[in-house]
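Everything on this sheet refers to the single structure shown next.
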Amino acid sequence: MHNRDTEKTQIILTAGAIISSVLIIGVAGFMSIEDFNFLEALYMTIITVSTVGFGELHELSDTGRIFTTFLIISSLGAFTYSLSIITRHIFEGQIGNIIGKYKKKQQKKMKNHVIVVGYGRNGKQTVSELLHHKKRVLVIENNHDIILDNSKESFSFLEGDATEDETLLQAEVNNATTLVSTLPNDAQNLFIVLTARSLNPKLTIISRASSESAEKKLRMAGVDHIVMPEKVGGMHMARLVARSNIVEFLDYLSIRGSSPTIIEEINCEAINENLINKSLYELEIRKKTGANIIGLKTVQGEYIINPSPEAKLKKNVKLYVLGTHEQIKRMKEILSDMS
């Protein structure tokens with residue numbers, strides 16, 4: 001960010017120097033050739049280089065016409081370009097400051113949020129899904145134009161390089177629950193993962209990868225989940241060929257499908273102590289809510305599909321439930337309130 005600001009300042013100063021040089025040459029020329037006073041020479045210089053078309057103060061001499069022609073040819077492009085550069089940088093800077101102040105206010109309140117690095121095709125889709133599930137999202141993006149184009153979105157942007165500690169700290173990585181790195185560059189994703197993991201060891205990290213080699217490196221760096229878009233797309237198409245009806249059915253039962261029935265994960269981290277070690281049969285979830293427990297994940301990370309009624313409920317177990325929003329909501333209430 002510091003280098004970028006320095007470069008922008010140098011560009012503005014250079015453009016200002018060009019404009020100043022044109023004005024000085026024009027004023028000096030008209031004062032010496034046509035014997036204009038300073039105000040008259042400045043007026044003639046400005047209407048000449050800006051080509052606004054106002055009339056001359058008086059008829060120019062042949063030498064004055066030659067000088068005016070030279071001034072127009074030599075300064076038109078440089079003057080116009082420099083003026084546009086200064087206007088654009090000042091305008092963008094003002095917009096950036098307005099957006100920055102607004103986003104900083106939002107970022108101060110950030111807690112238990114999801115950080116998404118990159119707002120390309122994968123980043124946009126990720127953010128869209130997260131917002132659908134009512135997640136608080138902060139996007140880190142280093143492309144200023146992308147941020148300006150999406151400044152009216154409901155989520156927050158942070159302009160910066162996610163490989164730098166300072167940027168992730170500004171994104172409140174210590175208070176975030178998850179970081180999703182969607183960049184197409186594997187090396188950048190790897191560096192972001194290493195930085196984020198060092199700043200927040202408890203952070204759930206999801207990263208994109210473009211090759212199996214990159215996947216192995218990301219695993220070693222501490223990524224919890226890795227997504228390879230090309231591999232996922234290929235597998236999905238193959239399954240549509242081999243098991244098209246099953247795939248369509250699962251898509252219908254997706255967490256964001258058109259079906260009123262969804263699959264939801266329930267973490268039993270904060271369940272009522274009296275429910276621990278009770279069997280699924282004793283809980284009578286199906287009878288009381290209409291929802292079905294179709295799977296669970298043990299504390300050791302083992303997945304059990306279609307668990308038996310005798311399976312015991314343990315703390316920190318994850319339950320996978322099939323039901324409507326209301327049925328799942330009622331089940332959560334039972335798990336937290338039942339004694």
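Kindly indicate whether Ala176 is in the same structural domain as Glu212 (by TED's automatic domain parsing), in contact with a strand residue (DSSP E or B) (Cβ under 6 Å, 6 or more places away or on another chain) and over 16 Å from Gly118 (Cα atoms). Yes; evaluated as a whole, the condition is true for this residue.
For Pro184, the conditions (1) in a helix (DSSP H, G or I); (2) within 22 Å of Lys124 (Cβ to Cβ); (3) not β-branched (Val, Ile, Thr) all hold with the exception of (1).
Within region 281-339, track down each residue that is part of a helix (DSSP H, G or I) and charged (D, E, K, R).
Glu282, Arg286, Lys287, Lys288, Glu326, Lys329, Arg330, Lys332, Glu333, Asp337
For region 121-160, name all the residues that are part of a loop (DSSP other than H, G, I, E, B), surrounded by 14 or more Cβ atoms within 10 Å (Cβ to Cβ) and either touching a residue at least 60 places away in the same chain (Cβ under 8 Å) or outside the structural domain of Thr204 (by TED's automatic domain parsing) (or both). Scanning region 121-160 gives a single hit, Gly160. Annotation note: of Glu269, Glu265, the sole residue that is closer than 19 Å to Lys329 by Cα and either part of a strand (DSSP E or B) or not assigned by TED's automatic domain parsing to the domain that holds Lys329 (or both) is Glu265. Restricting region 272-281 to residues that are within 21 Å of Ile305 (Cβ to Cβ) and of a type outside the set (Ser, Thr, Tyr) leaves a set whose member that is surrounded by the most Cβ atoms within 10 Å (Cβ to Cβ) is Leu280. For region 145-165, does any single residue satisfy the condition of being under 21 Å from Thr204 (Cβ atoms) and among the polar types (S, T, N, Q)? The answer is yes, given that some residue of region 145-165 is under 21 Å from Thr204 (Cβ atoms) and among the polar types (S, T, N, Q).
The values are calculated or read from the model by the stated rules, or taken from the named source; none is laboratory data. What you are looking at is a predicted structure, and each value in this text was computed from that prediction instead of being measured. Note that each Cβ is placed from the backbone with ideal geometry, even for glycine, and that neighbours are counted across all protein chains shown.
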